Amino acid sequence: MRHEYRFCPNCATPLEWLGALEDGGHKQRLRCPACGFTHWNNPTPVLAAVIECTDREGRLLLARNAAWSGKMYGLVTGFMEAGETPEEGIGREVAEETSLDVGALALIGVYDFQRMNQVIIAYHVQAQGEVRLSPELADYRLFAPQEVRCWRAGTGFALADWLRARGHEPRFLELPAR
């Protein structure tokens with residue numbers, strides 16, 4: 001999510017697009033002309049899980065976020081907490097949001113998601129147990145790997161890479177342009 005800062009969080013002066021010499025050369029950024037604060041607007045790391053339910057014939061759990069207006073199902077995602085590794089974070093997120101017992105984890109890849117100013121770190125998570133959703137999730141469905149459809153953004157590319165690595169050619173949804 002892009003933060004649209006307008007005022008300095010240190011001194012409340014309106015921020016301005018000001019140039020300055022940085023390691024990579026001259027850069028324009030939102031800066032405070034009074035105290036020198038710089039809004040870096042760096043991407044936020046987001047963790048994502050392709051959850052394989054090992055006690056349900058290897059079916060994949062996709063979830064619908066309670067905040068989503070449509071009926072689309074996607075990967076379980078969440079933010080890292082300070083002091084945890086990405087592996088600890090994705091294990092915690094899967095357990096918190098689904099109540100599943102997390103087993104093996106394997107990195108799928110790292111994906112750019114500029115629309116939300118995020119970097120997605122995606123994992124294959126093997127899990128089992130009874131699914132009990134947190135209030136963050138409205139619903140879930142289990143899919144055989146060959147049944148899922150990927151989307152052409154962020155976590156959809158991670159799911160496609162996971163499918164390809166297992167010999168399945170990913171099929172993509174055609175979503176309306178934003």
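The values are calculated or read from the model by the stated rules, or taken from the named source; none is laboratory data. Remember, predicted model here, so these are calculated numbers, not experimental data. Methodologically, a virtual Cβ is constructed for each residue, glycine included, from the backbone with ideal geometry; neighbour enumeration extends over all protein chains shown.
Points to keep in mind about this one:
- Selection count, region 144-162, where residues are touching a residue at least 12 places away in the same chain (Cβ under 8 Å) and assigned to a helix (DSSP H, G or I): 11
- Within region 64-79, the set of residues being modelled with pLDDT of 95 or more and more than 17 Å from GLN146 (Cα to Cα) comprises ARG64, VAL76, THR77, GLY78, PHE79.
- Among the residues listed as ASP23, ASP101, the single one being without any contact (Cβ under 8 Å) to a residue 60 or more places away in the chain, over 22 Å from CYS150 (Cα atoms) and not assigned by TED's automatic domain parsing to the domain that holds ALA165: ASP23
- For region 3-26, the candidate set comprises residues that are among the charged types (D, E, K, R) and within 28 Å of the chain's Cα centre (by Cα); within that set, the residue that is farthest from ASN117 (Cα to Cα) is ARG6.
- Set LEU60, LEU15: member being surrounded by 13 or more Cβ atoms within 10 Å (Cβ to Cβ), outside the structural domain of ALA153 (by TED's automatic domain parsing) and aliphatic (A, V, I, L, M): LEU15
- Spans of strands (runs of 3 or more DSSP E) in region 56-134 with at least 3 residues aliphatic (A, V, I, L, M) and under 14 Å from GLY156 (Cα atoms): 59-65, 118-128
- For region 119-129, filtering for residues that are within 8 Å of the chain's Cα centre (by Cα) and within 19 Å of LEU62 (Cβ to Cβ) leaves 3.
- Matching entry among GLN114, GLN128 (being among the polar types (S, T, N, Q) and at pLDDT below 95): GLN114
- Of all the criteria given as (1) basic (Lys, Arg); (2) touching a residue at least 24 places away in the same chain (Cβ under 8 Å); (3) not in a strand (DSSP E or B), the one not satisfied by ARG141 is (3).
- Once region 143-164 is narrowed to residues that are of a type in the set (A, V, I, L, M) and under 20 Å from the mean Cα position of the chain (by Cα), the residue that is farthest from TRP68 (Cα to Cα) is LEU163.
- Single residue of region 2-12 satisfying the filter (out of contact with any Leu (no Cβ under 7 Å at 6 or more places or on another chain) and among the charged types (D, E, K, R)) that is surrounded by the most Cβ atoms within 10 Å (Cβ to Cβ): ARG2
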